[in-house]
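What follows draws every value from the coordinates through simple rules; no lab data is involved. Small disclaimer: the values here were computed from a predicted structure and weren't measured. Heads up, the Cβs are rebuilt from the backbone with ideal geometry, glycines too, and the neighbour counts pull from every protein chain shown.
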Amino acid sequence: MLNFSVFFQESVVENANENYRLRKCTMYYYLEDDTIHILETRVPNSGIPQGIFLKRHLVPKVNSIESYTWKDLAVGSDIEFYGRFFRVIDCD
């Protein structure tokens, strides 16, 4: 299993003091079957729904019949999952 630190940018319309917020997640890539699982780090009393962001399954590439593989995941890259862009910032 590969463990990636990722984040996505979410626009904020209900607050005039901030335009967007960065939401940190952990992405797990399972080498045995090429499935991906994304968990958002829980922040107590944030008022934002958090937890499982993407359940473990094969994630299709945009406009393709292929799924993502470990070759598509590189630190510093932006990856699109179902219309949301994730920036990969670390891997262990």
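Name the GluC sites (Glu not before Pro) in the chain that are in a loop by DSSP and that have at most 10 other C-beta atoms within 10 Å, would you?
Answer by residue number: 14, 18, 32, 66.
Determine the sum of side-chain charges near residue 43: Lys and Arg each +1, Asp and Glu each -1, restricted to other residues whose C-beta is under 14 angstrom from that of residue 43.
With Lys, Arg at +1 and Asp, Glu at -1, the net is +2.
Principal axis lengths of segment 36-84 from Cα atoms, whole Å, largest first?
39, 21, 17
Relative contact order for the chain: what is it in percent, counting Cα pairs under 8 Å that are at least 6 residues apart?
29 percent
Can you list the HN-Hα couplings for segment 30-41, worked out from phi with the Karplus curve (6.51, -1.76, 1.60; θ = phi - 60°), rounded to whole Hz and with x for Gly and Pro?
Calculated HN-Hα couplings, in order: 9, 5, 5, 9, 6, 8, 10, 9, 10, 10, 8, 5 Hz.
With unit charges on the beta carbons (Lys and Arg positive, Asp and Glu negative) and the dipole taken about the Cα centre of the chain, which residue among 12, 70, 1 sits farthest to the positive side?
Farthest towards the positive pole: 12.
Could you list which residues have their amide H under 5 Å from that of residue 59, counting only those 5 or more apart in sequence or on another chain, with H placed in the peptide plane?
Here the answer is 36, 68, since their amide H atoms fall under 5 Å of that of residue 59.
Calculate the dipole size of the chain relative to its Cα centre from +1 charges on Lys and Arg beta carbons and -1 charges on Asp and Glu beta carbons; express the result in debye to the nearest 20.
Here the size comes out at about 200 debye.
Report which label in (i) -0.61; (ii) -0.53; (iii) -0.44 holds the value of log10 I(q)/I(0) by the Debye sum over Cα atoms at q = 0.14 Å⁻¹ derived from the coordinates of this structure.
(ii)
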